[in-house]
Every structure is written in structure tokens, then in C-alpha cells.
1. Is it the case, given these coordinates, that ALA260 is in contact with a Leu (Cβ under 6 Å, 6 or more places away or on another chain), in a helix (DSSP H, G or I) and not aromatic (Phe, Trp, Tyr)?
2. Would you check if GLY306 is surrounded by fewer than 23 Cβ atoms within 10 Å (Cβ to Cβ), at pLDDT below 95 and part of a strand (DSSP E or B)?
3. Of (1) at pLDDT 95 or above; (2) in contact with a Gly (Cβ under 9 Å, 6 or more places away or on another chain); (3) not hydroxyl-bearing (Ser, Thr, Tyr), ALA346 satisfies all except one. Which?
4. Determine, yes or no, whether MET333 is within 29 Å of ALA229 (Cα to Cα) and in a strand (DSSP E or B).
5. What tally of residues in the stretch 260-289 results from selecting those that are closer than 17 Å to GLY328 by Cβ, modelled with pLDDT of 95 or more and of a type in the set (Val, Ile, Thr)?
6. Consider ARG370 carefully, then state whether it is over 23 Å from VAL34 (Cβ atoms), under 18 Å from the mean Cα position of the chain (by Cα), surrounded by fewer than 22 Cβ atoms within 10 Å (Cβ to Cβ) and of a type in the set (D, E, K, R).
7. Just one of the numbered conditions (1) among the charged types (D, E, K, R); (2) over 24 Å from ILE326 (Cβ atoms); (3) in contact (Cβ under 8 Å) with a residue 24 or more places away in the chain is not true of ARG370; which one?
8. Name the helices (runs of 4 or more DSSP H) wholly within the stretch 46-153 that hold at least 1 residues that are touching an Asp or Glu at 6+ places or on another chain (Cβ under 6 Å)?
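The values are calculated or read from the model by the stated rules, or taken from the named source; none is laboratory data. A quick note: this is a predicted structure, and the numbers were derived from the prediction, not measured. A quick note on method: Cβ atoms are made from the backbone with ideal geometry, for glycine too, and the neighbour counts reach across all protein chains shown.
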Amino acid sequence: MRMQPLPIVLILGWMAAACSTAESYDVVIANGRVIDPESGFFDVAHVGVRDGVIATISGDVLAGNRVIDATGHVVAPGFVDLHEHGQNEESYRLMVRDGVTTALELEVGTRDVEGWYAERHGGQLVNYGVSIGHVQVRMAVMDDPGTGLVPAGIAGFGSVTAEQLEEIERNVRAGLDQGAVAVGFGSAYTPGAEMSEIQRLFGVAAEYGASSHIHMRGGLAGLDSTLTAARLEGAPLHIVHVNSSSGAAIGEFLSTIETARASGQDVTTETYPYGAGMTEITSALFDDWASWDDERYAMHQLVSTGERLDRASFQVARDAGGLVIIHGRTEEMTRAAVASPITMIASDGGMENGRGHPRTSGSYAKVLGRYVRDEAVLSLEEAVAKMTIMPARRLERRTPMLARKGRLQVGMDADITVFDPETVLDRSTYVDATVTSSGIPYVLVNGVVVVDRGEVTTARPGRAVRAIQR
């Protein structure tokens, strides 16, 4: 591991500890290799936590009400997931075992920001937050009874009237006024929404200093038009799951985004480390299913049963509805997305009634185990930055709470993930996505131990991640 010079903030923490060795902390994490992706510090030290905050990082032995021996382990900031659909206890329990301490639903979002936060008030296992979702709002305005990302009809394919667009904008503004972290878009699921509609709402997001998180449509041409619309509005843009949107064109996608960034555009992107995606089988993505070649159906796996589909069973499954896994990308495509210096790691996960995609429970451990340790696709420092400081920086302009996350420094929130770099690995599969990751024995959220020796505790210290409300 590369050792970096000790930054001033940590020197001050060590001096404070040396002057007050008799102090006791709520929790001490001792003897671990502490990594802070912002300063570049990566060395053996002791971390003292008090009142939910990192109180000291010291070379001296510390006293605490609870002392965790992290010898041989990495002590990292808790992982920040920008793209987690599973905003429920079932999903939280899996993702926290994967090292996630902040889980945000920023693609689909919600149409009712105030109500969404109220449902989770009182404490969750991890920190949680949401966007105001264009698809959700569009369905409400157009009286579409669809759910999630799947309009039942007109909201997906119909164009809006001037009056409807005004109402959509009012609702998006209301959600931002209520503290939505971002604005979520799924233009791939609403082919009836013209780019002028998307661009107008990019402008609203820009006015509020909010990032626009978009599941874009249309391949490279769609990427160009999305980048252009955001640039014209001066809107911070985040392309979700670049690996899923690009497919075999991953190199060109990443190059296009890099060029936009080099020109000064505020655009970021993310990837999950799996070759298969997952979505609703009734969505607009599959509207041409009847014209497919026979072999294409076998790429699709029904989440509810694990069966691979054929032409006949695909029609039955689409009529019934539900989630489907799409095995559409090669390992080389996945590796290219993970290795890119501009991608963050985000799970795009979600679990319901014990069924889902392994990315919910294994994305972060897979990167650390397979792509860092086993294949050396990227360094440990690079991987941790993709999971912590990069997503925190994406959001902290509008949501200052994120400026205290993604870092392991004195004064930061004590969201901490302790993992063994020699054993960390994902274990979930496409048939059973509930198998938890290995090698992550301790996780703290706001200074409270929520994973203890690999088991989830009863504590629920997670807080709402919410933008400053107008």
C-alpha cells in the first residue's frame, strides 16, 4: 500500500490526542489502516468517536467505552450509494453488510418528497435520501396509474400540453423546496417526453443548484443530446449506470463524458460492477419484444423464479409484470466501466420479498475483492474514493450534510466501514441475491455500531439526508 505524508488535519488530531491521553471515547477503532480519500492519508492509526463524530485520529492508544480491534483491516469512510431503489429495511440490512452507510434513491425518486421522508422518520439502519422524480411527477400530472418507473400508458408515450408542463414544473419546484437531494429522470422510460421538456426541468434543477440524475435514452446520440441540454441550462448532470446505458459502446460513452468534463461541463457518472441489469419487464424498454430474434429472449431471467425466458414465456411474464434481469454485457465492458477514473460506484440495487439483483448486496465488496485484490484493475485508494468522496462531492453543494461524509477526518460524521482487504468479496448470485458480502465485520453509522462482527445490530441511527429547504 502507498503511504502518504500526514496531512495537517490529522497532525492536529494526533496532537490533541497526545495532550489528552486520559480522554475516553464512545467507540475506538484501534490498529487499523485508516484511509482518507480527500487528504490521501493511508496509515495505521487509532480512531476515536464521540457523539457521532470522529473526535480524533491518533498514533497513541485510545481509551473507549467500546474498543474494536481492526488489526489487518482497512478503516474507511462509509460508502455512499447514489442509486439505491431499495429504501426499506430488507434492502438496508443487505447493503449495510456491504459497507454502505448512506443510501440515496436519486434516479426514480418520488412525487411526494415530504411524505417520503415522513415515512422513514424516527431512524433507519443507514442514512437515506431521495430526489424529486420526473417520471413520478409526470404520471401524477397525466393521471397515469403506473408505479415506479413504469407508466401504464400516456405518461410514458404521450406528449404534455403546455398546462401539464407548467404543472410538472410546479411539482418539481415544490419537491426541491421540500429538500429533495436532486432531480431524477428516466427518459428511457418516457419516450413521449421530448428533450425540450427534459431541458426545461434541467433548468429548474440548475436554478436550485441540484444535480439531475438521468437514466438516458438513445445510445450515443441520446448522450449527446442529454449533454447538450444540460450544458445549455448550466445544469449539473449525473448519468446513471453508464455501463447499462452504453453496452458495447462503453469506451465511446466514457470518452464523450470525459471530453465534456474537459471542456468545463459539470457532468459525472457511475457504474455497478455486474454484467447484467434489472428492470420492470412491462417498461417501455421492451416494447419491441415481439420483433426480437429467438436467442435474445434467453438473455432475460425472471427475478421471481430465476428461470431464463423464451418467446412464449417472455409474453406470459410481460403480461404478469415483475422484475427481469438482463444478461447483456461482457466482463470486458464491466471492467472498463469500473476502471475508468470518472466513474463512481453505485449499486442500482433493490430487494423485495427476498428477490432482487446481487448488486444490492454485493456491489462494493465485489469491487474491493475482485477488481482491487484479485485482478488489480484499480488500486484500493482509487476504489475507496469512487465509493466515498466522489459521490459525496457530487451532492454537497446542494446538500451540505454530504460535506461531512465520504471523508475520514476529525470533525466528520462517524460513518465508518471496516473491511479485511484479504477476504472482502461479494457472495450473492442472480438466483439468490440475499447472500451477504464477506470480509466487512464492522460498520458504524453516525458513530453507532450497526454491523458488529458481521451481524446487523438493533440500532437504527440513520438520518435523513436532505437539502436545505427554502
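1. Values: in contact with a Leu (Cβ under 6 Å, 6 or more places away or on another chain): yes; in a helix (DSSP H, G or I): yes; not aromatic (Phe, Trp, Tyr): yes.
The answer is yes for ALA260.
2. Details: surrounded by fewer than 23 Cβ atoms within 10 Å (Cβ to Cβ): yes; at pLDDT below 95: yes; part of a strand (DSSP E or B): no.
In short, no.
3. (2)
4. Details: within 29 Å of ALA229 (Cα to Cα): yes; in a strand (DSSP E or B): no.
Answer is no for this residue.
5. Summing the residues that are closer than 17 Å to GLY328 by Cβ, modelled with pLDDT of 95 or more and of a type in the set (Val, Ile, Thr) in the stretch 260-289 gives 1.
6. Working: over 23 Å from VAL34 (Cβ atoms): yes; under 18 Å from the mean Cα position of the chain (by Cα): no; surrounded by fewer than 22 Cβ atoms within 10 Å (Cβ to Cβ): yes; of a type in the set (D, E, K, R): yes.
Spelling it out, it is not the case that ARG370 is over 23 Å from VAL34 (Cβ atoms), under 18 Å from the mean Cα position of the chain (by Cα), surrounded by fewer than 22 Cβ atoms within 10 Å (Cβ to Cβ) and of a type in the set (D, E, K, R).
7. Here ARG370 clears every test but (2).
8. Numbers: elements: 89-96, 113-120, 134-141.
Helices (runs of 4 or more DSSP H) meeting the threshold: 134-141.
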